[in-house]
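No lab work stands behind these numbers, since they all come straight from the coordinates. The structure displayed is predicted, hence computed values, not measured ones. Counting neighbours? That spans all protein chains shown, and the Cβs are built from the backbone with ideal geometry, glycine included.
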């Protein structure tokens, strides 16, 4: 047999995780909080969606979401009946399927798979890539604050209320600033926040900084290598208002509706309704929205205010509190969340970046999977893993060739023998 060359391209990417939650569960909000907390420190964690399911049924929209997202790992807070569990495994064939093991701790996510997703730290090169500037300013919020009282020093810790949720989910923060200071060698601004006055002052000061980066932007580096059919809001700056699980899940999943150029930018905020009881805080939020919207899409940006739990009348009433926003505001309510529509890669003329090319002239050979550059300093490489997508270029009519008419195979597909996990 004549030996002809062919090409194999490999792309390292984060592990794709999907979280399955029953929206009717009384603990759904705590479960979402746990998922977002878990994703806040792992590479690509910002892309891991929350999908609504029930123990005995999954609606068509959620099935479509799961099939096209093609998760490597499924983490479920729902205990399915045997029939549906088999259908999930056979249809999606994930690398690992885990049922939540801590019913008394709904906000605690702990993966039992031996290889953990890669933790990402705010190293200077990672922050630079997220900020797209050479000298970025990193913003962190410290939720511990020390005050001196009559009895000496008192330490206040902010519990998981509206302020904590806003900082964690909209912007990103660590409970203590020491891990961030230990890994980031550039300019870092840490704001101690335990009450509304602290938050108001912090947002007002941040709005005066020319360019800055939040911690959540770092977890959006290097997405899951999926193409999405973008909807009409990809250029809008989102403000999602509401306290229900569907509001928070919609905001978290909406990153998939952004194009690649915008995904590492701060493209929106989630706001709890309690914030609107503090008019001076809303003035600071006005300032930060103006700053972020300008960074996001310039003067053509539109502010889209959305809720899934509030009525149109109530949402419009709250929107009137934003008196100093400089951009056009559109108010919308959704009965059901708009979900991303993922498409198969159009490989012809397109490959995800960065990719590694290996050319073969033999039918037997070995591939070396290069680790992503942004994880050069991970602390526990032996227990952390990433995924590798493999693209094979071949000519199905005249043998294998990199010239002329060609077709592609792409792995991993849903057959587990083709899944490759970097170690």
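What to note about this one:
- In this structure, residue 277 and residue 90 have a Cβ-Cβ separation that, at R0 = 51 Å, corresponds to a calculated FRET efficiency of about 0.55.
- Subtracting the Cα-Cα distance of residue 244 and residue 102 from 0.36 nm times their residue separation leaves 48.9 nm of extension gain.
- Summary of packing: across the peptides 92-105, 187-200, the per-residue average of other C-beta atoms within 10 Å ranks them, highest first, as 187-200, 92-105.
- Segments 71-81, 127-137, 316-326 sorted - mean Cβ within 10 Å per residue, highest first: 71-81, 127-137, 316-326
- Each Cα pair of the range 16-117 feeds into the Kirkwood radius, which the Stokes-Einstein equation turns, at 10 °C and 1.306 mPa s, into a diffusion coefficient of 116 µm²/s.
- Extension gain, residue 189 to residue 55: 0.36 nm times the residue separation minus the Cα-Cα distance gives 43.7 nm.
- Relative to the current alpha-carbon distance between residue 24 and residue 383, full extension at 0.36 nm per residue lengthens the span by 125.7 nm.
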